[in-house]
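The values are calculated or read from the model by the stated rules, or taken from the named source; none is laboratory data. Predicted model only: the values in this text are computed from it and were never measured. Methodologically, a virtual Cβ is constructed for each residue, glycine included, from the backbone with ideal geometry; neighbour enumeration extends over all protein chains shown. All accessible areas refer to the heavy atoms of the entire protein, side chains included, with ligands and DNA or RNA removed. Shrake-Rupley method; radii C 1.70, N 1.55, O 1.52, S 1.80 Å.
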Amino acid sequence: MKNKKNILGLLILAFVLFTVSLTTVQAAGQYKKNNTNKSQDSKNNSKGTKKEDKKTAKKKVSIKPEALLNKDSLDFKIIIKNPTKNDVTIESSSGQVFDFEVLDAKKQPLYRWSADKSFIAVITTTEIKAKDKLELSDSLSGEVFQDIKDKAVYVKAYITGTADFVNQDGYLVKIKK
């Protein structure tokens, strides 16, 4: 009996470790970084520095959703651009970083990406470096896609964590066909 409890405990531990590893691998696969660091030659020119400061002050982190209908899938993407001079972070209460909702012409839900998924319950931080971007993406295919593809008109993308630049109500985009 004691050996069975030990084996059960090891199996549970292995499952938890596998889930954490899988979440990390999936997150790493979804992150596509584009380093756009640029040198500043205007440091010696006071007028150039003032112009640069004004440009930088207007720059904000942006979040742009995309949805593309293909023959056999619906591809979702969220692009988070950080044109500022500072790294930014998104705090999440789980391993889930994003979500997608497919809507019909009346903006009624047809499908939610996270509905059939499980996420590890752990506080996570997603960092977007200064002058970088982060792309989060996935696809819907198979039977569920076939059932809703003719009714799908919009996708609402969500960042599931919190940051001062994240709109908790999501980001609506019309599906490109």
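If the requirement is being of a type outside the set (Gly, Ala, Ser) and outside any strand (DSSP E or B), which of these qualifies: 120, 80?
Values: 80 fails: outside any strand (DSSP E or B).
That would be 120, the only listed residue that is of a type outside the set (Gly, Ala, Ser) and outside any strand (DSSP E or B).
Here is a check on your reading of the model: is residue 89 assigned to a loop (DSSP other than H, G, I, E, B), of a type in the set (Val, Ile, Thr) and open to solvent by 20 Å² or more (accessible area, probe 1.4 Å)? Break it down stepwise before answering.
Values: assigned to a loop (DSSP other than H, G, I, E, B): no; of a type in the set (Val, Ile, Thr): yes; open to solvent by 20 Å² or more (accessible area, probe 1.4 Å): yes.
Judged against the criteria, residue 89 is not a match.
Quick check: is even one residue across segment 143-154 in a loop (DSSP other than H, G, I, E, B), touching a residue at least 60 places away in the same chain (Cβ under 8 Å) and open to solvent by less than 40 Å² (accessible area, probe 1.4 Å)? First the steps, then the outcome.
As a first pass, look at segment 143-154 and keep what is in a loop (DSSP other than H, G, I, E, B): 149-153.
Next, from what is left, pick out any that are touching a residue at least 60 places away in the same chain (Cβ under 8 Å): 149, 152.
Checking which are open to solvent by less than 40 Å² (accessible area, probe 1.4 Å) leaves us with 152.
Yes: segment 143-154 contains one or more residues that are in a loop (DSSP other than H, G, I, E, B), touching a residue at least 60 places away in the same chain (Cβ under 8 Å) and open to solvent by less than 40 Å² (accessible area, probe 1.4 Å).
May I ask you to verify whether residue 91 is modelled with pLDDT of 95 or more and either among the aliphatic types (A, V, I, L, M) or under 30 Å from residue 153 (Cα atoms) (or both)?
Working: modelled with pLDDT of 95 or more: yes; either among the aliphatic types (A, V, I, L, M) or under 30 Å from residue 153 (Cα atoms) (or both): no.
Spelling it out, it is not the case that residue 91 is modelled with pLDDT of 95 or more and either among the aliphatic types (A, V, I, L, M) or under 30 Å from residue 153 (Cα atoms) (or both).
Restricting attention to segment 119-142, which residues are surrounded by fewer than 16 Cβ atoms within 10 Å (Cβ to Cβ), of a type outside the set (A, V, I, L, M, F, W, C) and touching a Gly at 6+ places or on another chain (Cβ under 9 Å)?
The answer is 125, and nothing else.
Output yes when any residue across segment 92-99 is touching a helix residue (DSSP H, G or I) at 6+ places or on another chain (Cβ under 7 Å) and small (Gly, Ala, Ser), and no when none is. Give the steps one after another, and end with the answer.
Initial filter on segment 92-99 (touching a helix residue (DSSP H, G or I) at 6+ places or on another chain (Cβ under 7 Å)): 95-97, 99.
Filter once more, so that each one left must be small (Gly, Ala, Ser): 95.
Within segment 92-99, one or more residues are touching a helix residue (DSSP H, G or I) at 6+ places or on another chain (Cβ under 7 Å) and small (Gly, Ala, Ser).
Those residues that are assigned to a loop (DSSP other than H, G, I, E, B) and within 23 Å of residue 139 (Cβ to Cβ), I need them from segment 155-165; list them, please. Steps first, answer last, please.
If we filter segment 155-165 for residues that are assigned to a loop (DSSP other than H, G, I, E, B), which is where we start, we get 160-161, 163-165.
Passing the criteria: 160, 161.
Out of the residues in segment 158-177 that are open to solvent by less than 50 Å² (accessible area, probe 1.4 Å) and over 18 Å from residue 95 (Cβ atoms), state the one that is farthest from the chain's Cα centre (by Cα).
Only one residue fits best here, namely 175.
Check whether at least one residue in segment 47-67 is under 29 Å from residue 131 (Cα atoms), at pLDDT below 95, surrounded by 11 or more Cβ atoms within 10 Å (Cβ to Cβ) and hydroxyl-bearing (Ser, Thr, Tyr), and report yes or no.
Yes: segment 47-67 contains one or more residues that are under 29 Å from residue 131 (Cα atoms), at pLDDT below 95, surrounded by 11 or more Cβ atoms within 10 Å (Cβ to Cβ) and hydroxyl-bearing (Ser, Thr, Tyr).
Please give the number of the condition residue 111 fails out of (1) in a loop (DSSP other than H, G, I, E, B); (2) surrounded by 18 or more Cβ atoms within 10 Å (Cβ to Cβ); (3) aromatic (Phe, Trp, Tyr).
Result: residue 111 passes all but (1).
Mind counting the residues in segment 133-171 that are under 12 Å from residue 66 (Cβ atoms) and of a type in the set (A, V, I, L, M)?
3
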